């Protein structure tokens with residue numbers, strides 16, 4: 001009770017520092033969304049992209065530095081992505097409903113900075129459990145950020161431009177992942193060993209030996225991690241202060257109305273929730289697809305460096321550079337998709353998403369049998385094609401659900417927890433069949449994601465709802481045109497059929513006796 005009163009008092013005082021407090025919220029026009037999206041993209045999306053990119057690098061570095069196997073190293077990712085479940089359901093969703101998007105974004109940055117400081121403490125104590133707990137806190141912060149920033153990008157302007165806005169914003173998250181390998185290469189990897197290529201595999205020409213655990217590994221190898229995460233945490237806290245000033249002391253990022261979901265009476269009997277029905281099949285298909293999709297993306301990123309070391313015989317430094325190339329392709333993929341959907345009447349978003357996911361399936365499957373420079377090229381292409389999948393699935397799965405949009409958005413953020421499941425399975429496969437054959441798991445999972453794009457293009461109710469939401473009036477006119485086209489008009493056959501029906505009607509009318517007073521007793 002005391003905590004509740006204290007929190008309420010602090011929130012009340014904080015709201016009165018906001019220059020927008022008490023003012024009516026309004027819908028933003030197209031031009032008015034440019035500055036808010038630019039600020040959110042640079043300050044928020046970019047930061048969680050950096051956190052995501054560093055997770056992939058740290059997973060490999062901690063494995064090498066501490067001399068642990070892949071399964072133990074994958075626990076770092078499990079801690080990060082598992083946090084999306086309580087982060088979105090218990091923290092982010094209620095905060096957005098109670099406080100709005102902007103306060104939730106700032107608190108998400110606070111959680112991210114706090115988790116970075118905890119990561120430095122875990123590395124200082126050479127505790128894998130401590131680093132996993134720190135990654136869980138980082139995941140809580142990022143999940144709160146995503147629960148607020150992604151819906152803000154979708155809802156801050158006209159719905160017909162929602163796909164474009166979230167693609168551009170998410171492209172900045174990709175820029176954060178581009179920066180991560182360069183930072184790791186400059187401040188984390190050991191310069192004495194990062195340029196040493198792996199030993200060639202005598203039994204498999206063109207490949208190198210599987211990296212083995214370093215028996216000389218010690219906690220001293222984590223010294224750079226301690227300094228790096230302390231500095232990063234300090235930078236994020238400074239950024240949080242700047243963002244808070246911009247959000248609450250200026251009108252540059254206006255608060256927008258948070259859609260309110262209707263009250264429910266199902267309690268903990270979630271199977272009786274109104275959203276659990278065939279009418280909302282699209283959101284559940286989208287949640288399942290994104291759950292698998294995030295598993296694919298996280299797996300590919302986390303095993304990318306090992307893939308480069310084995311199939312391209314790259315050193316740690318060159319593998320990190322290759323990963324930067326792949327992340328650049330990732331950003332280009334999102335900007336390319338954003339460019340295509342600027343003409344939604346020609347390049348419908350559901351067509352664009354289907355083409356990109358199909359490309360991800362094909363390139364991942366091709367990567368199972370390619371070595372050398374070709375392996376680098378194919379891996380970069382995988383990152384390009386997988387790039388727009390999350391923002392486009394997020395927008396399409398939550399579109400046109402009106403009152404239940406906030407619930408659908410929360411479910412989509414929870415689905416990011418899929419990144420905790422597939423990497424350990426991939427680690428087991430790599431131990432059993434080596435990394436090249438293990439990529440078939442990712443290729444098959446990408447194909448499962450592809451089924452969602454097939455559904456959105458073939459199921460009529462899915463297709464109509466998305467076109468009306470993403471294209472607007474043009475889609476409604478197309479529906480009317482299709483309806484009118486199905487009627488018999490214009491052609492000779494149609495004309496004869498119409499005249500025949502008209503003649504039959506006139507004949508029937510002529511056979512009815514005239515009764516002006518409507519006194520007939522029989523009908």
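The values are calculated or read from the model by the stated rules, or taken from the named source; none is laboratory data. Since this is a predicted model, take the numbers as computed values, not measurements. Cβ sites come from the backbone with ideal geometry, for glycine too, and all protein chains shown count toward neighbours.
Taking the range 416-469 as the range and being over 24 Å from residue 400 (Cβ atoms) and not in a helix (DSSP H, G or I) as the test, only 421 passes. The residue that is modelled with the highest pLDDT, counting only those in the range 194-208 that are exposed (fewer than 13 other Cβ atoms within 10 Å of the Cβ) and closer than 17 Å to residue 321 by Cα, is 196.
Scanning the range 309-351 for residues that are out of contact with any helix residue (DSSP H, G or I) (no Cβ under 9 Å at 6 or more places or on another chain) and under 29 Å from residue 200 (Cβ atoms) gives a single hit, 313. When we screen 142, 137 for residues that are over 18 Å from the mean Cα position of the chain (by Cα), under 24 Å from residue 230 (Cβ atoms), crowded, with 20+ Cβ neighbours inside 10 Å and in contact (Cβ under 8 Å) with a residue 40 or more places away in the chain, the only hit is 137. Within the range 155-171, being part of a helix (DSSP H, G or I) and surrounded by fewer than 24 Cβ atoms within 10 Å (Cβ to Cβ) holds for 155, 159, 160, 161, 168. So is residue 225 modelled with pLDDT of 75 or more, buried (at least 16 other Cβ atoms within 10 Å of the Cβ), in contact with a helix residue (DSSP H, G or I) (Cβ under 7 Å, 6 or more places away or on another chain) and within 21 Å of residue 96 (Cβ to Cβ) or not? Spelling it out, it is not the case that residue 225 is modelled with pLDDT of 75 or more, buried (at least 16 other Cβ atoms within 10 Å of the Cβ), in contact with a helix residue (DSSP H, G or I) (Cβ under 7 Å, 6 or more places away or on another chain) and within 21 Å of residue 96 (Cβ to Cβ). On inspection, residue 59 qualifies as more than 23 Å from residue 107 (Cα to Cα), under 22 Å from the mean Cα position of the chain (by Cα) and modelled with pLDDT under 80. Can you name the condition, by its number, that residue 392 falls short on among (1) at pLDDT below 95; (2) closer than 30 Å to residue 262 by Cβ; (3) assigned to a helix (DSSP H, G or I)? Going through the list (1) at pLDDT below 95; (2) closer than 30 Å to residue 262 by Cβ; (3) assigned to a helix (DSSP H, G or I), residue 392 breaks only (1). Within the range 247-279, the set of residues being surrounded by 19 or more Cβ atoms within 10 Å (Cβ to Cβ) and not in a loop (DSSP other than H, G, I, E, B) comprises 247, 248.
Among the candidates 357, 378, 393, the residue that is over 20 Å from the mean Cα position of the chain (by Cα) and either more than 26 Å from residue 153 (Cα to Cα) or surrounded by 24 or more Cβ atoms within 10 Å (Cβ to Cβ) (or both) is uniquely 378. Scanning the range 260-305 for residues that are over 30 Å from residue 57 (Cβ atoms) and under 23 Å from the mean Cα position of the chain (by Cα) yields 260, 261, 275, 276, 280, 281, 282, 283, 284, 285.
In this structure, is residue 93 within 30 Å of residue 20 (Cβ to Cβ) and in a helix (DSSP H, G or I)? Taking the combined requirement at face value, the residue satisfies it. Screening residue 73 with (1) over 21 Å from residue 180 (Cα atoms); (2) at pLDDT below 90 gives one miss only, at (1).
Residues being without any contact (Cβ under 8 Å) to a residue 24 or more places away in the chain and in contact with a helix residue (DSSP H, G or I) (Cβ under 7 Å, 6 or more places away or on another chain) are entirely absent from the range 103-112. Listed by position, the helices (runs of 4 or more DSSP H) contained in the range 289-375 that have at least 2 residues being farther than 22 Å from residue 81 by Cα and free of Cβ contacts under 8 Å to residues at least 60 places away in the same chain are 316-341, 349-366.
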